[in-house]
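Here's the structure, in structure tokens; my notes come after.
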Amino acid sequence: MFCLLVLGLTSCDQYDSSTPPDAGPVTEKIGPSGVLGDKSPDNGVSGGSKDSELAKTALGLIDAGQYDQAERILSVEIEEHPENDRLRFLLGIALQKQKRYALAIVELDRSLVSGGEFRERRHADHFRGWCLFYLGRPEASATAFRSHLKVVPDEADSHFGLGVALLEVGDPEAALPAFESAIAINEGNPIRRRELAKAFIRRGDAYWALDRIEEAQASFQKGIVQFPDHYEGWAKIARAMDRLGDGERAERARYEERQARIRVGAPLDDADATSDPSPSEASP
């Protein structure tokens with residue numbers, strides 16, 4: 001997601017409902033496929049070299065996962081220069097990465113009020129979309145992701161975010177094309193295999209909600225082929241095979257789920273606790 005910021009910014013959250021706890025962020029950078037990592041001219045609000053260097057420093061800290069440090073240096077500067085929209089925007093990202101979504105969206109929205117231009121501004125709705133999703137406002141989240149996709153139509157993580165938001169509001173039919181778009185953009189990119197896996201598995205959740213169990217199972221299967229440590233994917237395959245009456249394959253999938261949990265250090269006690277193939281929790 002740093003790419004989003006370096007483009008412009010990283011996905012507001014990278015939705016982690018299916019990401020093993022120790023698997024790290026969905027993307028390595030502040031931008032999904034490059035949301036904050038574009039090479040457009042660096043037009044900070046003030047245009048000063050100090051702001052530009054501070055923005056680069058903050059982006060570097062966020063990219064390195066040092067979100068609290070980025071928050072500190074940005075907060076100090078913003079206290080002295082509250083009109084600096086770009087730095088306030090980056091502060092919103094640093095807060096979002098710490099899962100402080102309510103504070104994050106306040107800073108993101110405040111950075112946009114003046115209408116000032118800065119390189120990352122066009123990705124605002126991407127980050128707002130993830131914050132709104134985690135704040136329990138999936139309809140508003142879907143609206144934000146659609147808005148971002150009008151500006152950046154090939155942003156896979158925004159297509160994915162739109163899909164999970166639509167699932168959350170109970171519209172799996174509309175979620176399907178969003179996941180298809182995320183899959184199409186991520187396919188063929190080896191560094192995006194984890195994101196591709198998540199898109200396949202969440203597409204399976206949409207099929208499941210439509211009672212298209214065979215298609216759901218096939219989509220879950222494609223997901224774990226891309227990322228075998230996706231233990232929730234294995235659990236979903238097991239439930240699908242139960243529904244399809246293939247107990248042997250269901251048990252095999254449960255065995256693979258436990259092995260995946262062991263590999264990533266996930267609690268084994270949770271292996272039998274999952275009952276819903278489309279959990280609403282999210283990971284980014």
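Being modelled with pLDDT under 95 and outside any loop (DSSP other than H, G, I, E, B) is the filter; apply it to the range 164-191 and report the residue that is least open to solvent (accessible area, probe 1.4 Å).
Looking at the filtered set, the residue picked out is PRO190.
Answer yes or no as to whether ALA178 is over 20 Å from ALA240 (Cβ atoms) and touching a His at 6+ places or on another chain (Cβ under 7 Å).
It is true that ALA178 is over 20 Å from ALA240 (Cβ atoms) and touching a His at 6+ places or on another chain (Cβ under 7 Å).
Taking LEU95 and the conditions (1) closer than 28 Å to PHE220 by Cα; (2) assigned to a helix (DSSP H, G or I); (3) of a type outside the set (Phe, Trp, Tyr), which numbered condition does it fall short on, given that it satisfies the others?
Tallying (1) closer than 28 Å to PHE220 by Cα; (2) assigned to a helix (DSSP H, G or I); (3) of a type outside the set (Phe, Trp, Tyr), LEU95 fails exactly one: (1).
The values are calculated or read from the model by the stated rules, or taken from the named source; none is laboratory data. Everything numeric in this text was worked out from a predicted model, so none of it was measured. Note: ideal-geometry Cβ built from the backbone for every residue, glycine included; neighbour counts use all protein chains shown. Just the protein is used for accessible areas: all its heavy atoms, side chains included, with ligands, DNA and RNA removed. Shrake-Rupley method; radii C 1.70, N 1.55, O 1.52, S 1.80 Å.
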